[in-house]
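Working notes, structure below.
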């Protein structure tokens with residue numbers, strides 16, 4: 001009898017809920033679907049809600065999803081776990097698809113030492129071919145010991161566990177970590193080299209009125225000597241020309257401390273800088289920051305109208321001053337939430353953006369004085385090589401780094417409900433992201449990236465990726481038609497000297513770990529066996 005009563009109670013509850021929903025749907029005015037198909041119409045909205053998951057796991061092919069398809073994510077996940085990241089039975093990519101790149105290998109590859117034991121038992125450290133800030137006589141010039149680095153993602157847009165894992169992973173992989181515009185939080189201070197980004201809010205280097213404060217910048221650098229670079233963000237690929245608001249509810253004590261703002265109040269990032277509004281003002285601001293910090297100073301920008309870059313190049317050539325590095329962010333960028341029109345239709349995609357800007361400074365004869373950093377969906381060896389062929393000296397990686405620490409491309413970043421704890425401040429969801437474990441995953445991803453980048457570099461006959469030129473990659477321009485990057489974009493970047501040994505030796509002399517040390521096999525030897 002007792003069990004029967006429970007079933008009666010449960011049935012009554014179900015019927016009661018059904019009637020409440022039925023009455024609500026019939027009387028509400030917001031949805032025609034629910035008025036016409038009460039109760040049942042909710043199934044439509046449920047399927048829409050889980051549509052991305054259905055496509056990801058059941059419907060879409062390996063090469064169909066965006067922004068990263070299943071094969072790309074699988075390579076990142078396996079690399080970050082030091083698992084077999086090989087693919088068998090040939091490529092399933094569209095080799096004749098418009099824009100598809102082919103890297104031309106050499107008949108006489110660069111000689112490698114004979115491997116002993118595992119096929120891939122070398123950890124590769126590839127230093128930057130340029131010393132940032134040397135041309136402009138900065139007090140503390142900097143040669144990054146890795147050309148693959150972690151791009152700008154702020155504490156605030158990402159949770160503390162995610163930032164902590166990325167920073168610790170960067171320290172283990174011996175690369176630098178860009179703070180994003182949210183200031184250098186305590187979660188950016190685990191020992192990795194840091195690029196401090198200053199956006200329109202000047203977080204971490206501002207006074208109470210929101211203006212740039214040189215003394216505050218000095219204080220931050222004194223607290224964090226790992227800050228090696230300072231980047232002035234003009235715009236980013238995800239939301240060019242737009243500022244942002246972090247609602248008061250999200251401005252915790254920790255975020256407020258990192259940004260130098262009051263806790264519990266809306267945090268506003270304007271869409272433009274108040275310290276300058278033209279290229280002359282920008283050059284003065286660069287000088288001011290460089291004199292205050294002694295660090296190399298650069299700018300980051302998505303690319304739209306080119307007049308600014310022409311003017312900047314002319315003034316740099318005439319005045320002998322300017323930014324030490326320029327970061328070009330392609331319109332593919334995606335770590336900032338944005339209105340659909342801005343995300344999809346404002347700012348040029350990476351190849352067009354980078355080549356148009358690089359060509360301007362190339363024509364002005366300034367490319368030796370500037371280090372060019374590329375970002376925008378470049379977290380794979382082939383894409384990095386294309387960027388390097390076009391003139392990039394360094395590669396910044398954002399979303400691919402997020403994937404390495406557990407992101408599943410749920411695309412909930414802007415909702416605060418990230419299911420894996422990466423872009424949320426929910427304590428419950430963040431607890432799923434174990435900092436130490438995922439720091440090693442970020443490390444493994446960066447190291448594997450460099451290993452494979454190095455392997456393709458050697459296959460092309462070079463010792464260092466900086467030796468690639470636009471002649472080394474051809475791109476599909478139509479059915480059966482391939483053209484070199486040189487033919488398409490019309491310039492030839494400088495090829496670094498064949499003898500790159502001084503670059504490697506200088507990087508070692510900076511007190512970094514040995515450039516060649518043993519590491520776990522990636523992938524395991526079993527990957528070398530394949531079906532004929």
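What follows draws every value from the coordinates through simple rules; no lab data is involved. Keep in mind it's a predicted model, so treat the numbers as computed, not measured. Note: ideal-geometry Cβ built from the backbone for every residue, glycine included; neighbour counts use all protein chains shown.
Using the average count of surrounding beta-carbon atoms within 10 Å as a protection proxy, the listed peptides 474-485, 314-325, 164-175 rank, highest first, as 164-175, 314-325, 474-485.
The slack in the chain from residue 27 to residue 356, taken as 0.36 nm per residue of separation less the alpha-carbon distance, amounts to 112.7 nm.
Here the spin labels are modelled as points 7 Å beyond Cα on the Cα-Cβ line, and at residue 288 and residue 307 they lie 2.4 nm apart.
What's the FRET efficiency of residue 219 with residue 139 using the Cβ-Cβ distance as r and R₀ = 25 Å, to the nearest 0.05? Calculated value: 0.90. Across the alpha-carbon set of the range 400-488, the Rg to Rh ratio works out to 1.19, Rh being the Kirkwood radius. As a rough guide to protection, the peptides 79-87, 272-280, 134-142, 9-17 ranked by mean Cβ packing within 10 Å, highest first, stand as 79-87, 134-142, 272-280, 9-17.
Using the average count of surrounding beta-carbon atoms within 10 Å as a protection proxy, the listed peptides 487-496, 256-265 rank, highest first, as 256-265, 487-496. Sorted largest first, the spans of the alpha carbon positions of the range 122-518 along the three principal axes are 55, 48, 47 Å.
Here the residues 418, 128, 195, ranked from fewest to most Cβ neighbours within 10 Å of their Cβ, fall in the order 128, 418, 195.
For residue 8 and residue 48, a Förster radius of 25 Å and the Cβ-Cβ distance give a FRET efficiency of 0.10, rounded to the nearest 0.05.
With the simple model of a label 7 Å out from the Cα in the direction of the Cβ, residue 20 to residue 408 spans 3.0 nm.
Here the calculated FRET efficiency for residue 477 and residue 189, from their Cβ-Cβ distance with R0 = 51 Å, stands at 0.60, rounded to the nearest 0.05.
Its residues counted as N, the range 192-241 yields a C-alpha radius of gyration over 2.2 N^0.38 Å of 1.20.
Full extension of the chain between residue 266 and residue 437 gives 58.2 nm of extra length, using 0.36 nm per residue less the Cα-Cα distance. In a fully extended conformation the segment linking residue 321 and residue 95 would gain 77.0 nm over its present Cα-Cα distance, using 0.36 nm per residue.
Pairs of alpha-carbon atoms within less than 8 angstrom and 6+ residues apart define the contacts here; what relative contact order does the range 122-518 have, in percent? Normalised by residue count, the contact order of the range 122-518 is 20 percent.
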